[in-house]
Amino acid sequence: MHPAKMISGAGSSTLEGKTIVLGVTGSIAAVRSVELARSLLRRGANVIPVMSPAATQILHPDAMHYACGEEVITRITGEVEHVKYCGMSGEGDLLLVAPATANTVSKIACGIDDTSVTTFATTAIGSGKPVLVVPAMHEAMYNHPRVIENIKRLKAMGVFLIEPVMGEGAAKIAEDGDVVLEVERILGSHTLDGKRILITSGATSERIDPIRIITNRASGRTGVEIALEAYRRGASVTIIHTVKRDLHGIREIIVESAEEMTRAVLQEASHADVLISAAAISDFTVDKTDRKIRSDTPKTLRLKPVPKLLEMVRMEYPDQRIIGFKAETNVTHQELIARARESMERYGLAAVIANDVGSGGIGEETNKIHIIQKEKISSFTGRKDMLAREIINTVEEILN
């Protein structure tokens, strides 16, 4: 076994059993292809590297052989590699062209196949295989009218495309994580296609003065992982939280206080098929001042309760499907479940995710949760991305 295969599935199994043909063309961003290939491998994919002649002038084929554990295809031989992997009965599940130069983008759009990569693309498109193109070039080239037109042609043909990151006079290749996430979505289950998921996440904060706030230790990792998993399965996802994460394909609404989050949820809930209320929303606020409170001035803060988000949503949208979260500290298992069921009854929740954060969970990589529904209780312990999968499984049950 090639050493590259030893990392297969080390990160997750989201691409297990999938064969991805990775086409590398002659952009300087080709140097990023090694780590991109490794990222795909870590999610369980088998990666077949294909390089154009120009790409081999930037990155030696041995580097891609090392990264993928597969022989690099640099030319079409009697093996008929393009048909073997991207023909109608080919072994490949997706052709990923990353980076894609202006030259390659335009050739694919026009059906010109004079390199191994463009030959694979013509074959894949003609066979109805999914193709994902990730451009990388100088900004002036990306703005060329014919390149713009050819990108539109690709989209019209059903080719997927990830927009580049603009900066320093360049249309830079997208981040590896964004590319991998899009591959996961394209090759995912599509069980949430057409569904709109609204998620609240992280900690809100209440301003005391322009410098000081009252907040809590919630990191927002769980909410983000839920959003990513919903996106992988085809959903249209909106997340409302306090820190912009630049999540690929996911609409982010940034708020600060409990009042702002409640207002945003009430505005968005009418468009959502389900609301997942994962945020640790402040229970109290204070009278804020517009000037910094001097440290040598005694000050008493009077806590005032804020309206409960779930109560407000239920009043405004009686039929909205909602999944709530219930965090307690140092209670018995029976008491935790009982309190979760109280919340379920009070707010008419479809499910409650309960956990005891007295022994960990908040701000950490792992957690233990109990998913409580009317007829059953399921318990899970693990990384938050794994827990997110179980939560989205519950969402699918509720929506179906």
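Taken together, the values in this text are just the output of simple stated rules run on the coordinates, not laboratory data. Source: prediction; values computed, not measured. Glycine also receives a Cβ, built like all others from the backbone with ideal geometry; neighbour counts cover every protein chain displayed.
Amide H of Ile213 versus every other amide H placed in the peptide plane: which residues, excluding those fewer than 5 positions away on the same chain, fall under 5 Å?
Ile208
How do Val50, Val352 rank when sorted from fewest to most other Cβ atoms within 10 Å of their own Cβ?
Ordered from fewest to most neighbouring Cβ atoms within 10 Å, Val50, Val352 come out as Val352, Val50.
Would you mind counting up the charge near His82? Only other residues with Cβ under 13 Å from its Cβ, with Lys and Arg at +1 and Asp and Glu at -1. Walk me through the intermediate numbers first.
Numbers: positive: Arg75, Lys84, Lys129; negative: Glu79, Glu81, Glu91, Asp113, Asp114.
Result for the local shell: -2.
Report the Cα-based extents of the stretch 1-103 along its three principal axes, largest first, to the nearest Å.
Largest to smallest, the principal-axis extents are 34, 30, 25 Å.
Calculate the radius of gyration of the Cα atoms of the chain to one decimal place, then report Dmax, the largest Cα-Cα distance, as a whole number, both in Å.
Using the Cα atoms of the chain, the pair Rg, Dmax is 24.7, 84 Å.
Taking the Cβ of each residue in Ile73, Ile226, Ile398 as the centre, tally the other Cβ atoms inside 10 Å and list the residues starting with the fewest.
Ile398, Ile73, Ile226
For the stretch 50-143, what relative contact order do you get, as a whole percent, if you take Cα pairs closer than 8 Å and at least 6 residues apart? Intermediate values should be presented prior to the final figure.
On the way: 120 pairs, mean separation 28.8, N = 94.
Rounded, it is 31 percent for the stretch 50-143.
Applying the Karplus parametrisation 6.51 cos²θ - 1.76 cosθ + 1.60 with θ = phi - 60° to the phi angles of the stretch 93-106, what ³J(HN,Hα) value in whole Hz is obtained for each residue in order, glycine and proline being reported as x?
Result, ordered by residue: 9, 7, 9, 10, 9, 8, x, 10, 6, 4, 4, 5, 4, 5 Hz.
Ranked by Cβ crowding within 10 angstrom, fewest neighbours first, how are Cys86, Cys110, Cys68 ordered?
Cys110, Cys68, Cys86
When the dipole is taken about the Cα centre of the stretch 185-318, and only Lys, Arg (+1) and Asp, Glu (-1) are charged at their Cβ, what size is it in debye, to the nearest 20?
300
Enumerate the amide H contacts of His138 below 5 Å, restricted to partners 5 or more residues apart or on another chain; note that Pro and chain-start residues carry no placed amide H.
Placed amide hydrogens put Ala171 under 5 Å from His138.
From the residues Ser13, Gly249, Thr115, which one has its Cα farthest along the dipole of the chain in the positive direction, the dipole being from +1 and -1 charges on Cβ of Lys/Arg and Asp/Glu about the Cα centre?
So the residue we want is Gly249.
Got a sec to turn the phi values of the stretch 23-31 into Karplus ³J(HN,Hα) couplings, 6.51 cos²θ - 1.76 cosθ + 1.60 with θ = phi - 60°, whole Hz, x for Gly and Pro?
x, 10, 10, x, 9, 4, 5, 4, 5
How compact is the stretch 330-400 by the rule of thumb for globular proteins, expressed as Cα Rg over 2.2 N^0.38 Å?
My calculation over the Cα atoms of the stretch 330-400 gives 1.09.
Highest mean first, what order results for 314-324, 124-134 on Cβ atoms within 10 Å?
124-134, 314-324
Between Leu266, Leu303, Leu198, find the one with the highest GNM mean-square fluctuation for the chain; connect C-alpha pairs within less than 10 Å.
The residue with the greatest mean-square fluctuation here is Leu303.
How high is the relative contact order of the chain, in percent, with contacts defined as C-alpha pairs under 8 Å that are six or more residues apart?
11
Can you compute the charge dipole magnitude of the chain about its Cα centre, using +1 on each Lys and Arg Cβ and -1 on each Asp and Glu Cβ, nothing else charged? Give it in debye, rounded to the nearest 20.
Here the size comes out at about 660 debye.
Kirkwood hydrodynamic radius, the stretch 3-186, all distinct C-alpha pairs: what's the number in Å?
Its Kirkwood hydrodynamic radius stands at 16.0 Å.
Along the Cα-to-C-beta direction of Met88, a point sits 7 Å from the Cα; which residues of the stretch 95-139 have their amide N less than 17 Å from that point?
The answer is 122-130.
What percent does the relative contact order of the stretch 3-186 come to when contacts are Cα pairs within less than 8 Å and at least six residues apart?
Values: 388 pairs, mean separation 39.1, N = 184.
So the answer I get is 21 percent.
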